[in-house]
Amino acid sequence: MSGESRAQPPASTGVSTTVTAERTPLHRSLGGGRSISELAGWRYFDAAVLGSTVVVMTALNLLWVALDRRSPYWDMARHLGDSIVTNDSFALGHPLRFLTTYVYYPPFVYWVTDAFYLVLGTAQWVAVLSQAAFLAVLVYSTYGIGRLLWNRSVGLLSAFFVATTPMFVSMFKWYMLDPPLAAMAALALYLLIRSDSFSNRRSSLLFGVVCGLGMLTKWTFPLVVWLPVVAALVAPLRATVSRRSARPLVNPIAAGLLAFAICGTWYVHNYSQLRAANALFNKRAAGIEGDPSTGSLQSLLWYGWNLLDEQLYVIPALAFVAGVVYVVRKKESASRNYYPLLTIVGSYVAFTLLRNKDYRFTMPMLPAVAVVAVSWIEFLRPRARSWLKGAIVAYGVAAFLAVSFGTGLVPKDWVIHIKPRSYTSDIVAFMPGYDAGSATDARGITIFAQHGWLVGPPSGDDWHQQDVFEDIARAAPHSAFAFTGGDSIWFNTWGTRYYAHRYHLSWVLEPAERFLVVRGPLPASASAGFTEVSRYRLPDGEALTLLERQ
C-alpha cells in the first residue's frame, strides 16, 4: 500500500515539536469549496462549532430529563443527595466547612452543582444542567488535544466522536461523577501536552491546578494520568542529571505543590474515613457484581471487551482499531499519538489491577481513544478523507438521537450472540452483561443498541418517589418521617435520602413521628394511630402510601 505517499499531515519530528507543527487548513481537510473556506477562516469558527454542539446536546439532554418519569437510580440518587448536603454546608458558619464536609466522594462536582442551585434552585434538572459545564470541558479539551497533535479537523472530529459515544450520551443525562472525571482528565492531558515536558511554566502550573481539581472530582484521577506524567518527567529528570541542577524540576514540583494545595485539605481531613470506606466498599462491590479475580484472563480482557460492547459499539470500535493499526504502521502516527496512547495504556493497566470493575471506570480514557480513532483518516486521499469524516459525523448524530430517544429504523438491541462452546469458553467468560454477576454474563457482540449504560429512551414509568415527599413538605415543612418498604433500582433508599435532604425533612427509623411512608403492604403497626394522606400505584404493581399520625 502506498500509504506514505498519501499521508497529508506534515512530517513530525517528535512528540515535543508537534505542539508547534504546521496545521492543515480546515477547509482543505474537509475538501469543501470557497464558501466553506470563508466560513472556516472565521476566527471563532471552531469555538462556535464546539459551543453549538454543547448547547444542542445539553438542550436535548434536558428534554430527555423532562420526558423521563423515573426516580433517580441508586448511584445517581446518592450523588444528588450528596450535592444537597454540600450545598447546605455552605450556609454553616465554619470557614472550612465546605472543604471538610465528608460524604465519601470528593466535593468538586457538587460544588459546581451548588453554584447552579444558588441561581436556579435544587430541582433534579438543575443538577443535570450543571453537568453541561463538564461536557464543555470534555469537548473543548478533546478538541485541544487533537488540534495540538494533528490539526483543527482532527480536533473537531475527536471532540464530536467522544461526545457521541453511547456512554457519554447516556451518562450526561444522569448526575454522576464519571463524565466530569473524564472531562478533567482530558483537560489535564491537554495541558500536559502544552507544557512540553514541563518546560512551559504557565501550562505546567495550570496542569497542577487541574490535577488538584481532578483529585477533588474522584480519587481515581491519578490512574488515568500517571503514565503520561511519568513520560513527561523523563526530560526534566535527564536535564537535572546532566546539568547537575534541580532547575529543570522547578515546574513539575511547583505543579505538584499546587495540586496538593488545592486537594490536600479535604484528603488530609478525611483520610481515615476514606481509607476504611474504600477498603470495605470496593471489596464488597466486587463480590456482589461477580468481578473476576485480579490477574486472571477475565480480568485482563474485561475492559477491552467493555470498550467494544459498552463504551463504543462496533463501528466506532473499528475506527479505533484502524487508528491502532496506523500507529503500528506509521511512525508519524505513533509519535503524534504518543500521549493519547500512554493515557489509554496507563488507564487500562491501572483499572485492570483493581479488584472492583465497572463499565464507567475507564470512561476517562475515551478522549484519548477518540483522537486515535480519527487521526488515521489524515493519511487517506482527500476524497476518501472527506467522505469518511462526513460518515463519522452522520453516525454520531444518528447514534446520539437513537440512544437518547429511540428509533424504529434499527433493532432496539442489535447483537451478534455467541454460543458458549469449548473454543469460545474463555471469550464468553469475560463478556460483561447488565446484571449482577456481570463479569460472567455473556450476551454477545453489540453492533448497536438504542441505549447506553442503563439509559435508553425516556420512560413514562412514574415511581412517585418525589410526589410523596412533596406531599409531606406541603403539609408540614421540616417535619419527620419514617420509611418502610423494599429497595429497587427506580425506588431506593438513596432516593429517599435525597428527597429528605432536598425538602428539609428528617428521616427517622421508628414511625413515632408525624408521617410514615410505606412502599408495599401496610404493616400492622400502621393501622393504629395513622390515617392515609395519599396513595400512588407504582409501575411494579405495589402501592406507595403516605400516612399521617392523628
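Structural remarks
- Residues that are assigned to a strand (DSSP E or B) and surrounded by 13 or more Cβ atoms within 10 Å (Cβ to Cβ) within the stretch 391-416 comprise ASP413, TRP414, VAL415, listed in sequence order.
- TRP387 more than 25 Å from THR58 (Cβ to Cβ) and surrounded by fewer than 17 Cβ atoms within 10 Å (Cβ to Cβ): yes
- Members of the stretch 151-179 found to be under 18 Å from GLY390 (Cα atoms), open to solvent by less than 10 Å² (accessible area, probe 1.4 Å) and in a loop (DSSP other than H, G, I, E, B), listed by number: ASN151, THR165
- Residues located in the stretch 64-80, provided they are open to solvent by less than 30 Å² (accessible area, probe 1.4 Å) and touching a Pro at 6+ places or on another chain (Cβ under 9 Å): TRP64, VAL65, ASP68, HIS79, LEU80
- Considering residues of the stretch 200-245 that are touching a helix residue (DSSP H, G or I) at 6+ places or on another chain (Cβ under 6 Å) and not in a helix (DSSP H, G or I) only, the residue most open to solvent (accessible area, probe 1.4 Å): LYS218
- Helices (runs of 4 or more DSSP H) wholly inside the stretch 1-105 containing at least 1 residues that are modelled with pLDDT under 60: 3-6, 26-30, 34-40
- Scan the stretch 417-467 for residues that are at pLDDT 50 or above and either in a loop (DSSP other than H, G, I, E, B) or out of contact with any helix residue (DSSP H, G or I) (no Cβ under 8 Å at 6 or more places or on another chain) (or both) and the total you get is 22.
- Matching option when the condition is more than 21 Å from the chain's Cα centre (by Cα), at pLDDT 95 or above and open to solvent by 10 Å² or more (accessible area, probe 1.4 Å), among ALA350, ALA334: ALA334
- Selection count where residues are at pLDDT below 90 and touching a helix residue (DSSP H, G or I) at 6+ places or on another chain (Cβ under 7 Å), scope the stretch 279-309: 8
- Hits in the stretch 361-385 (condition: more than 27 Å from LYS218 (Cβ to Cβ) and among the polar types (S, T, N, Q)): SER375
- Tallying residues that are touching a Gly at 6+ places or on another chain (Cβ under 8 Å), within 24 Å of PHE351 (Cα to Cα) and of a type in the set (A, V, I, L, M, F, W, C) within the stretch 133-158 yields 1.
The values are calculated or read from the model by the stated rules, or taken from the named source; none is laboratory data. The model shown is predicted, which means the values in this text are computed figures rather than measured ones. We place every Cβ from the backbone using ideal geometry, glycine too, and count neighbours over all the protein chains shown. Side chains included, ligands, DNA and RNA excluded: accessible areas come from the protein's heavy atoms. Shrake-Rupley method; radii C 1.70, N 1.55, O 1.52, S 1.80 Å.
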